[in-house]
Every structure is written in structure tokens, then in C-alpha cells.
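Taking it in order: structure first as C-alpha cells, then the write-up.
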Amino acid sequence: MKNIVVFASGSGSNFQSIIDAVESGNLSARITGLISNKPGTKALDRASSHNIPWVILSENDFGSYEEYSEILLAQLLEWDAQLLVLAGFLRKIPSNVIGAYQNRILNIHPSLLPKYGGKGFYGINVHRAVIKAGDVETGCTIHIVSENYDEGPILDQAKIPVLADDTPEKLAARVLQKEHILYPKVISDYLKTLD
Ligand code: GAR
């Protein structure tokens, strides 16, 4: 069974869907830790209530970015991470971590990449842009993380229609439902391809 470490910055509803999949036996993996970049998030409560170790690591709390990157990597090694799963993590992953975990970092993004990816496109901003552009469909994408934001190889996508009365919030909620189904499944399939 492989060890996964989840990164989440906010509510952690995707993190919860991964916990649920592990606990129900649909995802054969151990969640050995959660990394968050800020205190007081719901993701941390979810970790605590499922006995998952967590740490808060933010570059702002270190003397230099290098120091932050080294401490982050050391934590991942301590948790014996074999796959890193970004679930609403809104910070860039340092390049030493990307280098150490080549093809072993997955991310979920709430749009049909390559549309609405890159800097500034996260969370509700993405859904606002979709509605503003008048798109008739949207969805979510799971991809392998590379050095460039939201640009790594795509593993899978799920689509939904954009409805005439959609608001960014309504769209976010419907895309999230798709995310919760897709992410555990893609993680499970992907783990089977790793040595
Ligand atoms: C999710 O919609 C996820 O796709 C998005 O943040 C939300 C986190 O929700 N991620 C990004 O925008 C990454 N660029 P959650 O905390 O409830 O899982």
C-alpha cells in the first residue's frame, strides 16, 4: 500500500473525499500527513478528526524560501510520501520538491484545462471567468504537476453544462461534486501505475 500526503489550503472538501475513499476501501492508500499553509482551516479539523498528522508550513514563517523548501521536503521524507496530492493548495510547490517527486505530484483544478489555468485562476475566480466568457460547459481537471502552474500532463477531466441561471457559487458547487467523484478514482488508478 502506498503513502500519500495531501496539501490543502482551505475547506478541504476534496481532502475529505480522499479520506472517505480510503476509509471505505475504494482507494488503497495510507494518508500519512496533511500539509496546510495556514492555521484555522477546515482541512486541519478534518485531519485531526481522522487521526491524520498535519503541519502548517508557510514560506512567510521562514528566513528564506530555500529554508522553507528544505523543511517541506524533510517533512515529506519523514512521512515517507510516495505520492503528493494537491487538493485546493493555493501555493506554488518549490522546485526542489517537484524535482524529488517527478511524476508523483497530482493537482485538481476547477476548469477544463488548458482553459482558465495559470496565475490568478483559482477557486471562485475560475467560475467567474467561465460565466463572463459565456462558456456552455466547464468542469474539472486532474493533472500531473510540473514546474509551470496548471500545465502538467492531464490525467482526466469531468464536464458539466453551464446553466443559464448559474452564478459562480452555483457553478463552483456543481463542479466540486464532480471533483469529489473524480479525484479519488484518478488517484487510485494512478497509484497502480507507480512502482
Ligand atoms: C477546488 O475547487 C479545487 O479544484 C480548487 O480549489 C478548490 C478547493 O476546494 N483548486 C484550485 O483552484 C487550484 N488552482 P476544497 O478545499 O473544498 O477541496
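Laboratory data are not the source of any read-out in this text; all were calculated from the coordinates shown. Everything numeric in this text was worked out from a predicted model, so none of it was measured. Note: ideal-geometry Cβ built from the backbone for every residue, glycine included; neighbour counts use all protein chains shown.
Data for the structure
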| quantity | calculated |
| --- | --- |
| Per residue, the convex hull volume that the Cα atoms of region 80-136 enclose (Å³) | 93 Å³ |
| Nearest-ten-degree value, helix 65-78 long axis tilted from longest Cα axis of the chain | 80 degrees |
| 0 to 90° range, to nearest 10: angle between helix 124-133 axis and the chain longest Cα axis | 30 degrees |
| Ellipsoid equivalent to the chain - semi-axes via the Cα gyration tensor, in Å | 26, 19, 16 |
| Cα-Cα separations in region 9-119 greater than 24 Å, expressed as whole percent | 25 percent |
| Prolate/oblate/rounded label for region 78-193 (Cα gyration tensor, a/c 1.5) | prolate |
| Dipole axis of the chain (+1 Lys, Arg; -1 Asp, Glu on Cβ), positive-most option in Gly118, Ser13, Pro53 | Ser13 |
| Degrees separating the helix 168-193 axis from the principal Cα axis of the chain, which is the longest one | 50 degrees |
